[in-house]
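The values are calculated or read from the model by the stated rules, or taken from the named source; none is laboratory data. What you are looking at is a predicted structure, and each value in this text was computed from that prediction instead of being measured. Using ideal geometry, Cβ is built from the backbone for each residue, glycine included, and neighbour counts are taken over all protein chains shown.
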Amino acid sequence: MITAEVPPNGAPPAQGAGVILKPKGGPKVTLSIEEFAPPKRFTDLSHLPLGKMRTTHEFIEQGGRTEIVVKLEIWGVLCFLWRKIVGENRTRGAASQIESFIRRARVV
């Protein structure tokens, strides 16, 4: 489970906005929103110690269906470590995250 600290005003995320995530059992991670173009695409940048991780989610409509593309980029001095600790876990959990997106989209 991940909890998020977002601005208390209830405003939707905006490009350049900061968010703090707290993964269960892990340290707080500061994110910044690089791109927010609902409902098609959003990109965030995680600020990790001696590294960065960019996650892009894209929703592409094709023939009455929606394709979900998730791209993960990790770089910096400790990118090898962040790839192992975070990247591999994110990759393993990608299917369940996409299923959550689908369930949420059906409600909205």
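Structure data summary
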quantity	calculated
Some residue of the stretch 87-108 being in a helix (DSSP H, G or I) and touching a residue at least 40 places away in the same chain (Cβ under 8 Å)	yes
Residue satisfying all of: in the stretch 13-65; loosely packed, with under 14 Cβ neighbours inside 10 Å and among the hydrophobic types (A, V, I, L, M, F, W, C); farthest from Ala105 (Cα to Cα) among these	Leu50
Residue check for Leu45: in a strand (DSSP E or B) and touching a strand residue (DSSP E or B) at 6+ places or on another chain (Cβ under 9 Å)	yes
Neighbours by Cβ (under 8 Å, 6+ apart or cross-chain): first from the stretch 46-75, at negative phi; second of a type in the set (S, T, N, Q) and at pLDDT below 90	Ser46/Thr30; His47/Thr30; Phe59/Thr66; Ile60/Thr66; Val70/Gln97; Leu72/Thr91
Ile68 part of a strand (DSSP E or B), out of contact with any Leu (no Cβ under 7 Å at 6 or more places or on another chain) and surrounded by 14 or more Cβ atoms within 10 Å (Cβ to Cβ)	yes
Of all residues making up the stretch 44-53, the number that are within 16 Å of Ala14 (Cα to Cα) and either at pLDDT 95 or above or among the aliphatic types (A, V, I, L, M) (or both)	1
Qualifying residue in the stretch 83-103 (condition: out of contact with any strand residue (DSSP E or B) (no Cβ under 6 Å at 6 or more places or on another chain), surrounded by 14 or more Cβ atoms within 10 Å (Cβ to Cβ), farther than 19 Å from Gly16 by Cα and modelled with pLDDT of 90 or more)	no
